[in-house]
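*Asks:* Quick one: this structure, given as structure tokens, is what I'll be asking you about.
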Amino acid sequence: MAAAALEAWQAVSPRRRRSAARRPRRREAAAAAGAPGAEPEVDGGAVLRRIREAGEDLLISDFWSSALETIIKCLRNYLEQLKAPAGTLSEALGNLYLDSSPGESDVAAGSPQEETLVTGSCHLKCVCYGLGNFATCVIARNQLAFLLLLLEKCQIPRSHCWVYDPLFSQLEIAVLNTLGVTVLSENEEGKRSVRGEPTVFYMPHCGTALYNNLLWRNWAADALSKMVVIGNSFRGLEERLLTRILQKHYPYVAKVLEGLEELEFPQTSQYMDIFNDTAVHWFPVQKLIQLPTDTWVSREEPDYQDCEDLEIIRNKTEGP
């Protein structure tokens, strides 16, 4: 049934590469919260209302329909690779739909009624890094609204979604707790193992080191094949960075390029600054096992000591 439902989706047409100049840098997005014209931080109720409004706007946009179609095309292949038994992830994907109206989805409510829509049998998990200050930054707020809609459409319980950004204020942590997602208490720097569990990593506009750290922590064909990464285009990173810089500072990104499949998000003027250079990545086992044997030999932890403009915030609790 899941395969039949997913076959109804039309293939996404190829799209031209987006200009690197249009990708907002994470530090610039963070700084926007304190820039002139940025929204002042208000109470939690107002933030929740703005998140809900952002979700309603997304839900009726052409961008959301096309972006969800892109994600589904990727997840269809990912599902086949996982060989999920009937009634688990396949059931969740088979229930995806596009014709819901804003009234059918309250992305900020976190109500008990919404929880009843979750099958409870879907084992897909989600980890989100790098949202930024969504209470004051419209880019970050739209990215959060997108995440909440994605959880709903894939029937991932909010309690199975872990979120972290070292920039979160106490108000934003309280809002996220109200929404029902789990806020991590420690800066993992992206170094989270999937532990054999199918996991979607939602990392829009994150620093390259964060993707590199995630790949390092899961540097094995079995672990990588359990991951889907929604974030900056890896092909775009390859195009923008000098080969020697990519191989020296971000070697795991460089080595995995021949072992992944990537689908770009659609381009729309309305959400260009929010989701430009964003793509969905998954790692087919067939590609991973064809990589040279020495690809998997070196598993040295990245340190970035000589790396300029790192674009991530390090864990201050680490020892000298």
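*Asks:* Tell me which residues, restricted to segment 99-120, are surrounded by 13 or more Cβ atoms within 10 Å (Cβ to Cβ) and at pLDDT below 50.
*Replies:* Ser100, Pro102, Ser105, Asp106, Ala108, Ala109, Gly110, Glu114, Glu115, Val118, Thr119, listed by residue number.
*Asks:* Just the residues that are assigned to a helix (DSSP H, G or I) and either in contact (Cβ under 8 Å) with a residue 12 or more places away in the chain or surrounded by 18 or more Cβ atoms within 10 Å (Cβ to Cβ) (or both), please, taken from segment 154-173.
*Replies:* Within segment 154-173, Arg158, Ser159, His160, Leu171, Glu172 qualify.
*Asks:* Among the residues of segment 133-153, is any at pLDDT 95 or above and surrounded by fewer than 19 Cβ atoms within 10 Å (Cβ to Cβ)?
*Replies:* yes
*Asks:* Moving to a separate point now. Quick check on Gly196: is it touching a residue at least 60 places away in the same chain (Cβ under 8 Å), of a type outside the set (Lys, Arg) and in contact with a helix residue (DSSP H, G or I) (Cβ under 9 Å, 6 or more places away or on another chain)?
*Replies:* no
*Asks:* Oh, and also: If Asn177 satisfies all but one of (1) closer than 23 Å to His123 by Cα; (2) in contact with a helix residue (DSSP H, G or I) (Cβ under 8 Å, 6 or more places away or on another chain), what's the number of the condition it fails?
*Replies:* The single condition Asn177 does not satisfy is (2).
*Asks:* Among the listed residues Leu176, Leu210, which satisfies the condition of being crowded, with 18+ Cβ neighbours inside 10 Å, part of a helix (DSSP H, G or I), free of Cβ contacts under 8 Å to residues at least 60 places away in the same chain and of a type outside the set (Asp, Glu)?
*Replies:* None of the other options fit; the residue is Leu176.
*Asks:* List every residue pair whose Cβ atoms sit under 8 Å apart, with the two residues 6 or more apart in sequence or on different chains, where the first one lies in segment 46-68 and is acidic (Asp, Glu) and the second, anywhere, is part of a helix (DSSP H, G or I) and surrounded by fewer than 18 Cβ atoms within 10 Å (Cβ to Cβ).
*Replies:* Between residues of segment 46-68 that are acidic (Asp, Glu) and residues that are part of a helix (DSSP H, G or I) and surrounded by fewer than 18 Cβ atoms within 10 Å (Cβ to Cβ), the close pairs are Glu56/Pro102.
*Asks:* Report yes if Gly236 is in a helix (DSSP H, G or I), in contact (Cβ under 8 Å) with a residue 24 or more places away in the chain, under 30 Å from Gln305 (Cα atoms) and not acidic (Asp, Glu), otherwise no.
*Replies:* yes
*Asks:* Which of the residues belonging to segment 243-269 are closer than 25 Å to Thr293 by Cα and among the hydrophobic types (A, V, I, L, M, F, W, C)?
*Replies:* Ile245, Leu246, Val253, Ala254, Val256, Leu257, Leu260
*Asks:* Just checking, does segment 271-283 include any residue being assigned to a loop (DSSP other than H, G, I, E, B), modelled with pLDDT of 95 or more and within 23 Å of Leu82 (Cα to Cα)?
*Replies:* Yes, segment 271-283 contains a residue that is assigned to a loop (DSSP other than H, G, I, E, B), modelled with pLDDT of 95 or more and within 23 Å of Leu82 (Cα to Cα).
*Asks:* So for segment 296-315 (the condition being out of contact with any Gly (no Cβ under 8 Å at 6 or more places or on another chain), closer than 27 Å to Leu242 by Cβ, modelled with pLDDT of 90 or more and not in a loop (DSSP other than H, G, I, E, B)), does at least one residue qualify?
*Replies:* Yes; the residues of segment 296-315 include at least one that is out of contact with any Gly (no Cβ under 8 Å at 6 or more places or on another chain), closer than 27 Å to Leu242 by Cβ, modelled with pLDDT of 90 or more and not in a loop (DSSP other than H, G, I, E, B).
*Asks:* Another question, then. In segment 219-243, which residues are surrounded by fewer than 23 Cβ atoms within 10 Å (Cβ to Cβ) and polar (S, T, N, Q)?
*Replies:* Residues satisfying the conditions are Ser225, Thr243.
*Asks:* Going by the conditions given, is Ile230 closer than 14 Å to Cys206 by Cβ, aliphatic (A, V, I, L, M) and in a strand (DSSP E or B)?
*Replies:* Taking the combined requirement at face value, the residue satisfies it.
The values are calculated or read from the model by the stated rules, or taken from the named source; none is laboratory data. Keep in mind that what you see is a predicted model, and the values were worked out from it rather than measured. All Cβ positions, glycine included, derive from the backbone under ideal geometry; neighbour counts span all protein chains shown.
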